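Bear in mind that the values in this text are calculations on the coordinates, not laboratory data. None of the values given here were measured: they were computed from a predicted structure. Here the Cβ positions follow ideal geometry from the backbone for every residue, glycine too, while neighbour counts run over all protein chains shown.
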């Protein structure tokens, strides 16, 4: 049985399967499809030809533009067909042709997207990705499986991210870049293969980070990537010096964390 709130508006040419849960003030436009295990929270809007399927929960105020397909099965040869999930936070926008897949059984079984994210036309979020808040994925951005993208990251048009890669908070990925290795918080990466080209100073300033703190981060960046030792050894060596700087500590913690990928650096080969 469908559970459709009284204030919801479902176009007569839309298909809402039995079992779907439709919240208050939801709009489902013509030729849309809502699967039987979908939950649309209040104020969600599906424009014509949008599809939400799978075991998918959509947060309040999200918008889906024509031909977006969210909650489809993972595109993985290893998926055994078991039921997995997709969870989307509040006020996310999925423009034309965006695709987002549910998780895989061997990858944790869930894809998770936070709040206030913008997915521009034809971008793709693969299985088991974990995304934070206030992320912008420009047109044709591709995330492979198991990618982690932290808060306020911007990915330029046509960039592609290798599976199991992490992108730290407020990093900036240039258009058409190939992201093969982890990108530190506040880092700026460009090219194919992608190399660090400094820090996202503009983004840091817009976020209200003080100039003195930005200078600290710049100094730490040089010590990490231009020091004589390996990246991880250099990062560990300066930890005590920057204990009072939250942004620097975020970078150092990111570098110290376990990962399936190497670290992006300003050089062609990472020093590890």
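Table: residues versus (1) farther than 28 Å from residue 266 by Cα; (2) out of contact with any helix residue (DSSP H, G or I) (no Cβ under 8 Å at 6 or more places or on another chain); (3) touching a residue at least 40 places away in the same chain (Cβ under 8 Å); (4) crowded, with 24+ Cβ neighbours inside 10 Å.
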position	(1), (2), (3), (4)
69	yes, yes, no, no
77	yes, yes, no, no
91	yes, yes, no, no
120	yes, yes, no, no
123	no, yes, no, yes
157	no, yes, no, no
162	no, yes, yes, no
173	no, yes, no, yes
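Checked against the criterion of being in a loop (DSSP other than H, G, I, E, B) and either touching a strand residue (DSSP E or B) at 6+ places or on another chain (Cβ under 9 Å) or closer than 22 Å to residue 176 by Cβ (or both), the candidates 61, 71, 81 yield just one match: 61.
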